[in-house]
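A short worksheet on the structure shown next.
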Amino acid sequence: MNTRKTRWVLSVLVAILVVPGSVSAAAGITGESATPPPVSAPALEDYGLEVKSGEDLYRPAPALPDLSRFTREAVESRLASRPDQAPNVTVERIGDVSALGDFVDEGRAREWVIRQFSHPQAILVNSGKVTLEDVHRQVDDARYMERMDNGAYIVRLPLVVRHGATLVIRDQTLRLSEERGAFFANDGWLFVIDSKILGWREQAKGPATFRKKTAFRPFFVGWGGSETFILGTTMANLGYHQSKSYGFAIAQYSKFDNAILKRGAPHAWLLESTFEDLYYGFYCFEAEDVAIVNNVYRNNIVYGIDPHDYSEGLIIAGNEVYGTREKHGIIISRQVNNSWIIGNRSYNNGLSGIVLDRQSRNNVVANNVSYDNQGDGIGLYESPDNLLWGNRLMNNLRNGIRVRNSTNVDLYHNVAVLNGTWGIYGQLKDLSATDRNFKEDFYDYEVSMTVVGGELASNASGPISSDNPEYIALYNVGMRFPRSEAGIHFEGVLGHFQMQIFDALLNKERAVLIKPSGVVAGKVTQVEN
């Protein structure tokens, strides 16, 4: 099988009520070139300003998904619908098991040969509706699976739910032995309810806490066609820097394998659970209709929540994400489209609170609170055609909102307060010197945005700035409490029209549209996140 892929709180602003809003239909994808685009933008003297009615910029609140369907009762109903069939569990060699193919190719099997001291084996849940007690009883060998005195189970082999089988873990603790190379793969149906799944260091008699990125730790992966339900559960001490071994991952099979297996996209519901000390708190690849609702992601290593590559229809809602050590709390990257990031709190993360990256389009980012992050509150990197609505961005080290190399971005009713540079920053950045794959991760060297409503107050550099944009429209934007002795001021294109902007917005209560008479555009891509 071949491989695959201070703290000064402006309470009057923070308490501002925001109204929830819909994303416009996407423009066609452009710039799909194997080479970076030319770096060119309109000159300052090319720009003009048009004063227009604010009604021209009106858009209704976005239609948000109904979260009331993601309940404990709904999960129990899904479980009840699975057929009650006799459990069948075996211990077998891992060579011909589709769910394990990625972990034996290109020499990775050596990891398990060393840890198992033999030809690698796995515990296979082959068929039926199976409990953890059933697995323990049918394995019947303490070398592979053992029930501890405190009632917890420890597995010392990879544990696999095969296609069509159902595994139910309820009110249990399952430990995955780091020393013996245990991990957990779902190729069927998995229900983990009110339980704990832990990476476990047997020699230390404790959790497999993170040491370094290349050091093996147990992990979970759900494969193409699988259904995974995590409810009221803690998953901790999982994952390392290897493909599909990041901690908690949902991933489609490679094109090569799926030409044979013919599996649909993987699905998952993660509800009311805690994910801690995972290399990636969540990762997915070509997943669809995943719901990540009302969870806590804390103290994870690289990312908190990281949906990736060509995933669609995701709902990331009501989560608390904090303490991510290296990078972002929440990031969607590489054409993750038509999804919702709503009502989350993301704070104290190593870089930004929320990021949309690498041509992720037609997403709604609404009613989130992002604060005390070491990067931006929200960052859009090379991701056009997105809506940010009613977010609150406070005391982030860099910008409240950064829009980099992204066009047709709508920013409605957002509050950016006390951030370390700009409230909103439109950025043109040349990425041609990076090792980016410009065909896969193409982009346009352009920025354009519409900013309506909200407050941009007491940000260190000022309320709003943009490198020479394709266009920028402004209406009814509050810009109070400047931190500069010079008062509220703009730079660049906005600075060129500063008096006209103030007159239109404040005196006439009108909108302004600033754009060049002739747009010069190039096509480009992005630095490492």
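General observations
- Label-to-label distance, nm, for residues given as ARG147 and ASP372 (7 Å Cα→Cβ offset): 4.4
- Approximating the spin labels as points 7 Å out from Cα along Cα→Cβ, the ALA61-to-LYS213 distance works out to 4.2 nm.
- Note on the chain: the C-alpha convex hull projects to 25.2 nm² when averaged across all orientations.
- The packing ranking, built from the mean of other Cβ atoms within 10 Å per residue, places the peptides 481-493, 298-310 in the order 298-310, 481-493, highest first.
- Computed over the alpha-carbon atoms, the stretch 237-281 gives an Rg to Rh ratio of 1.07, Rh here being the Kirkwood radius from the mean inverse distance.
- Computed over the stretch 76-171, the convex hull of the alpha-carbon atoms projects to a mean area of 6.9 nm².
- Per residue solvent-accessible surface (Å²) - the stretch 131-233, probe of 1.4 Å: 35
- For ILE250, residues with placed amide H under 5 Å, excluding near neighbours: GLY222, TYR283, CYS284, PHE285
- Computed E for ARG78/ASP171 - FRET, C-beta separation, R0 22 angstrom, nearest 0.05: 0.75
- Extension gain (nm, one decimal) between ASN437 and THR131, 0.36 nm per residue minus Cα-Cα: 105.6 nm
- For the listed peptides 39-49, 395-405, a ranking on the average number of other beta carbons within 10 Å per residue, highest first, reads 395-405, 39-49.
- When you count the other C-beta atoms within 10 angstrom of each residue and take the mean per peptide, 109-119, 77-87 line up highest first as 109-119, 77-87.
- Remark: the stretch 231-327 is approximated by an ellipsoid whose semi-axes, taken from the C-alpha gyration tensor as √(5λ), come to 23, 15, 11 Å, largest first.
- Over the chain: helical MRE at 222 nm, DSSP H runs n ≥ 4 each giving -39500 (n - 2.57), nearest 500: -2000 deg cm²/dmol
- Fraction of accessible area attributable to carbon and sulfur, the chain (%, probe 1.4 Å): 48
- Residues whose amide H lies under 5 Å from that of VAL369, counting only those 5 or more places away or on a different chain, are ASN344, ARG345, SER346, ARG392; hydrogens are built 1.01 Å from N in the peptide plane.
- Radius of gyration over Kirkwood radius for the stretch 430-485, both on Cα atoms: the Rg/Rh ratio is 1.14.
- Per-residue Karplus couplings for the stretch 253-269, computed as 6.51 cos²θ - 1.76 cosθ + 1.60 with θ equal to phi - 60°, are listed in order as 5, 4, 4, 4, 5, 6, 4, 8, 7, 6, 9, x, 5, x, 10, 7, 10 Hz, Gly and Pro entered as x.
- With a Förster radius of 25 Å applied to the C-beta separation of GLU491 and LYS52, the computed FRET efficiency comes to 0.60.
- What the phi angles of the stretch 401-415 give under the Karplus curve with 6.51, -1.76 and 1.60, with θ = phi - 60°, is a coupling list of 10, 10, 10, 10, 6, 9, 10, 6, 9, 9, 10, 10, 6, 8, 10 Hz, glycine and proline written as x.
- More than 27 angstrom apart: percent of Cα pairs within the stretch 358-482: 12
- Only Cα pairs under 8 Å and 6+ residues apart enter the sum, and on that basis the relative contact order of the stretch 147-190 stands at 50 percent.
The values are calculated or read from the model by the stated rules, or taken from the named source; none is laboratory data. As the structure is a prediction and not an experimental result, all values here were calculated from the model. Don't worry about glycine lacking a Cβ; one is built from the backbone with ideal geometry, like all the others, and counts go over all protein chains shown. These area figures cover heavy atoms from the full protein model, side chains too; ligands, DNA and RNA do not enter into them. Shrake-Rupley method; radii C 1.70, N 1.55, O 1.52, S 1.80 Å.
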